[in-house]
1. Which shape class, rounded, prolate or oblate, goes with the stretch 34-80 when its Cα gyration tensor gives a ≥ b ≥ c as root eigenvalues, a/c under 1.5 marks rounded, and past that a/b bigger than b/c marks prolate?
2. Hey, what angle do you get for helix 39-53 against the long axis of the chain, alpha-carbon based, 0 to 90 degrees rounded to 10?
3. Give me log10 I(q)/I(0) at q = 0.12, 0.16, 0.20 Å⁻¹ for the stretch 55-126, Debye formula, one equal scatterer per alpha-carbon, no solvent.
4. Looking at 43, 85, 65, which one has the Cα that reaches farthest to the positive end of the dipole of the stretch 40-90 (charges on Cβ: Lys, Arg +1; Asp, Glu -1)?
5. How big is Rg to Rh over the stretch 94-138, alpha-carbon atoms, Rh as the Kirkwood inverse-mean-distance radius?
6. Step through the table entries 91/147; 2/91; 59/122; 59/110, compare each Cα-Cα distance with 22 Å, and write down the pairs that go over it.
7. Tally Lys/Arg at +1 and Asp/Glu at -1 over every other residue whose Cβ is under 13 Å from the Cβ of residue 77; what's the total?
8. In debye, nearest 20: dipole of the stretch 58-177 around its Cα centre with unit charges on the Cβ of K, R (+) and D, E (-)?
Amino acid sequence: MKWLDTLRQKPGDDNQERGFIRIPEDKDDSLKAGESPTKQEVIDSACYYTCTRMCYGVKDQAGGCCMIGDRDFIIGPISDTARFIEDLSKKLGEKIKFEDVFIEYDEGHKMFPDKSCWQNPKNFPAMRVLPDESRGFPCQMLSLDSKCMVHSIKPEVCNTYLCDYLKGVVGYLEDKL
Ligand code: SF4
Ligand code: SF4
């Protein structure tokens, strides 16, 4: 797809970001030397570290939820499809179609017949993934070096998703801090 090539070649902030899900959006300038971070800041940092350096508990792995891999997993449902298409069209300066970036149930359930979450209509629309098994069927917005090429406008689910492993990390910190 031409627009996808444009996205891959487009210089900009998004190309500098990792393809993980949990990024603290705000860089907090309020901390002064010797001042302790807040509980939320510690949790956000732990999420950042986990998703970029210890994804799902695996050292040096990042962005596992930007690909399907061999798990029963789907990147969906996407709640803000219209907003995302509008922002992506603006970013690329061309009109992006729904089917360019999302998969609906009629198509998706045939792609992974052995994965139960791809058989549930409630999990759609989902992010379109590349048919590249060697890369674990990645979201097509994930660059070859595991960066999200649409970080600043990515769908809401990408900002809020916590896998079981990360839920455990966050739960532990919530409890102990
Ligand atoms: S949410 Fe889980 S699977 Fe996704 S990047 Fe973070 S640790 Fe990895
Ligand atoms: S848009 Fe794709 S690459 Fe970016 S965070 Fe979401 S799933 Fe990952």
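1. Taking the square roots of the gyration eigenvalues as a ≥ b ≥ c, the stretch 34-80 is oblate.
2. Once rounded, the angle reads 50 degrees.
3. One equal scatterer on each Cα of the stretch 55-126 leads to -0.41, -0.68, -0.90.
4. Result: 65, furthest along the dipole toward the positive end.
5. Reported Rg/Rh, Kirkwood definition of Rh: 1.00.
6. Checking Cα-Cα distances, 59/122; 59/110 exceed 22 Å.
7. Summing Lys and Arg as +1 and Asp and Glu as -1 gives -2.
8. Charge dipole of the stretch 58-177: 240 debye, to the nearest 20.
Only the coordinates and a few stated rules stand behind these numbers; no lab work does. All of these numbers come straight from a predicted model, not from anything done at the bench. Virtual Cβ from ideal backbone geometry, glycine too; neighbours counted across all protein chains shown.
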